[in-house]
Amino acid sequence: MDVVTIGESMAVFTPASGGLMRQAVTFTRRIGGAESNVAVGLARLGHRVGWISKVGDDEFGKAILSFLQGEGVDVSRTKIDPEAPTGLYFKEKRRPNDTRVYYYRSGSAASRLTPADLDEKYLAAAKYLHITGITPALSESCRETIFAAIAIARRCGVKIVFDPNLRLKLWSQADEAKEVLLRIAAQADIVLPGAAEAAFLFGDRPVEKWGKQLLDSGSSLVVIKLGASGAHYFTATHNEYVPGFPRLSVLAGPFQITHNEYVPGFPVKHVVDPVGAGDGFAAGLLSGLLDGLSLAEAIRRANAVGALVTMVEGDADGMPERGDVERWINQQGEDVTR
């Protein structure tokens with residue numbers, strides 16, 4: 001397995017018309033969830049990916065499993081919970097550049113994930129473990145599950161990729177969210193915050209400061225997403241290796257930034273749906289790393305996938321196939337935006 005990801009997927013309802021949702025009469029039902037979006041993105045790019053979760057024993061849960069299996073995602077470690085429903089969310093597109101999301105996921109099947117739902121051999125066989133800051137916000141047992149998965153990955157030498165994916169609506173307090181997200185970031189090899197998430201964690205400051213603080217906390221690669229503008233990445237080395245640790249430790253001294261670079265994005269003339277762009281970025285980056293691209297080339301692919309996702313309605317629907325990404329990069333999007 002190339003990548004394993006853990007998190008909740010939901011049935012997504014979007015009004016057929018714009019404006020206030022209270023006026024909507026008909027809705028389109030799709031499938032969405034940050035981690036399953038990444039899984040679909042990776043599968044469409046030709047990689048082997050597994051998704052761990054729980055769904056309800058209902059039609060929405062069956063729809064999620066059918067959709068992901070159809071996309072080539074391995075759902076063999078996803079369980080059906082007969083005592084809890086599949087989560088839902090509604091996407092209200094009031095006007096251009098004003099999309100609002102409403103969750104109905106409290107007590108959902110996925111919120112009942114526990115460490116016992118993890119298969120250590122399955123996780124150990126992956127090259128990357130992809131996690132987000134959404135899952136630990138769903139419940140205490142979900143939080144325990146994420147930290148248990150991190151412990152397994154570190155013990156087995158699986159690289160941990162963390163997208164903070166801040167959803168303040170899911171946290172009882174902002175301070176709690178910050179503390180948990182920083183704890184996870186400190187144990188991750190690769191951290192992928194957006195600029196707003198970095199500002200939430202560290203306050204308003206230059207992007208270089210954000211990169212250094214995350215490197216100092218323990219990450220080996222930090223990529224700060226700047227939306228349509230692109231991304232800025234930071235790598236680090238350590239002046240001393242600590243034996244017994246699966247990666248370099250911050251215990252022996254400060255990290256030194258050895259390289260940082262800005263990789264420009266791909267402007268999109270008409271954004272149809274911004275939801276899922278960050279998940280597309282994560283899928284594109286992991287795809288590039290799996291293919292052995294340089295960091296700059298992998299982030300360029302990530303920027304391209306993120307841009308392409310915004311051109312299609314739906315969370316995972318716009319995840320492109322490899323040929324689409326290559327044409328977009330090589331032709332700089334001319335055949336898509338004209």
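The values are calculated or read from the model by the stated rules, or taken from the named source; none is laboratory data. A quick note: this is a predicted structure, and the numbers were derived from the prediction, not measured. We place every Cβ from the backbone using ideal geometry, glycine too, and count neighbours over all the protein chains shown.
When you check Asp117 against the structure, is it among the acidic types (Asp, Glu), over 22 Å from Gly306 (Cα atoms) and buried (at least 18 other Cβ atoms within 10 Å of the Cβ), yes or no?
Yes, satisfied.
Failed condition for Ala188, given (1) under 20 Å from Phe281 (Cβ atoms); (2) part of a helix (DSSP H, G or I), with all others met?
Condition (2) is where Ala188 drops out.
May I ask you to list the residues in segment 304-326 that are closer than 19 Å to Ala228 by Cβ, not charged (D, E, K, R) and not in a loop (DSSP other than H, G, I, E, B)?
Answer for segment 304-326, where residues must be closer than 19 Å to Ala228 by Cβ, not charged (D, E, K, R) and not in a loop (DSSP other than H, G, I, E, B): Ala304, Val305, Gly306, Ala307, Leu308, Val309, Val325.
Determine, yes or no, whether Val161 is in contact with a His (Cβ under 7 Å, 6 or more places away or on another chain), touching a residue at least 40 places away in the same chain (Cβ under 8 Å) and either within 19 Å of Val38 (Cβ to Cβ) or surrounded by 14 or more Cβ atoms within 10 Å (Cβ to Cβ) (or both).
Taking the combined requirement at face value, the residue satisfies it.
For segment 120-140, name all the residues that are surrounded by 17 or more Cβ atoms within 10 Å (Cβ to Cβ) and either assigned to a helix (DSSP H, G or I) or among the hydrophobic types (A, V, I, L, M, F, W, C) (or both).
Answer for segment 120-140, where residues must be surrounded by 17 or more Cβ atoms within 10 Å (Cβ to Cβ) and either assigned to a helix (DSSP H, G or I) or among the hydrophobic types (A, V, I, L, M, F, W, C) (or both): Leu123, Ala126, Leu129, Ile131, Ile134, Thr135, Pro136, Ala137, Leu138.
If we keep just the residues of segment 73-90 that are assigned to a strand (DSSP E or B) and either charged (D, E, K, R) or out of contact with any strand residue (DSSP E or B) (no Cβ under 9 Å at 6 or more places or on another chain) (or both), which is farthest from Val49 (Cα to Cα)?
Asp81
Which of the residues belonging to segment 94-119 are in a strand (DSSP E or B) and more than 18 Å from Lys169 (Cα to Cα)?
Arg94, Arg95
Can you find even one residue in segment 206-216 that is under 18 Å from the mean Cα position of the chain (by Cα) and without any contact (Cβ under 8 Å) to a residue 60 or more places away in the chain?
yes
Scan segment 44-66 residue by residue and report those that are in contact (Cβ under 8 Å) with a residue 60 or more places away in the chain and either buried (at least 17 other Cβ atoms within 10 Å of the Cβ) or under 22 Å from Ala149 (Cβ atoms) (or both).
Arg44, Leu45, His47, Gly50, Ile52, Ser53, Lys54
Hey, among the residues in segment 171-226 that are of a type in the set (Gly, Ala, Ser) and surrounded by fewer than 18 Cβ atoms within 10 Å (Cβ to Cβ), which one's nearest to Gly157 (Cα to Cα)?
This residue is Ala186.
Under 18 Å from Met319 (Cα atoms), surrounded by fewer than 23 Cβ atoms within 10 Å (Cβ to Cβ) and modelled with pLDDT of 85 or more: is that true of Phe281 in this structure?
The answer is no for Phe281.
Looking only at residues that are of a type outside the set (Val, Ile, Thr) and not in a helix (DSSP H, G or I) in segment 270-286, which one is farthest from His47 (Cα to Cα)?
Keep residues of segment 270-286 that are of a type outside the set (Val, Ile, Thr), which gives 270, 273-274, 276-286.
Then drop every residue that is not not in a helix (DSSP H, G or I), which leaves 270, 273-274, 276.
On the way: His270: 29, Asp273: 25, Pro274: 24, Gly276: 19 Å.
Only one residue tops the list, namely His270.
Would you mention how many residues in segment 221-237 are over 18 Å from Ala196 (Cβ atoms) and within 18 Å of the chain's Cα centre (by Cα)?
Number of matching residues: 1.
Cβ-Cβ distance below 7 Å, separation of 6 or more or different chains: which pairs start in segment 267-287 with a residue that is farther than 16 Å from Lys93 by Cα and end on one that is among the acidic types (Asp, Glu)?
Close Cβ pairs satisfying both conditions: Gly278/Asp163; Ala282/Asp163.
When the residues of segment 251-278 are narrowed to those that are in contact with a His (Cβ under 8 Å, 6 or more places away or on another chain) and among the aliphatic types (A, V, I, L, M), which ends up modelled with the highest pLDDT?
Filtering first and then ranking leaves Val263.
Each row is one residue, and each column tells you yes or no for (1) farther than 15 Å from Ile64 by Cβ; (2) of a type in the set (S, T, N, Q).
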| position | (1), (2) |
| --- | --- |
| Ala84 | no, no |
| Gly87 | no, no |
| Glu92 | yes, no |
| Arg95 | yes, no |
| Thr99 | yes, yes |
| Ala109 | no, no |
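For segment 91-124, enumerate the residues that are hydrophobic (A, V, I, L, M, F, W, C) and touching a strand residue (DSSP E or B) at 6+ places or on another chain (Cβ under 8 Å).
Val101, Ala109, Ala110, Leu113, Leu118, Leu123
Answer yes or no: is there a residue in segment 175-195 that is more than 30 Å from Lys91 (Cα to Cα), modelled with pLDDT under 90 and either touching a Lys or Arg at 6+ places or on another chain (Cβ under 8 Å) or of a type outside the set (D, E, K, R) (or both).
no
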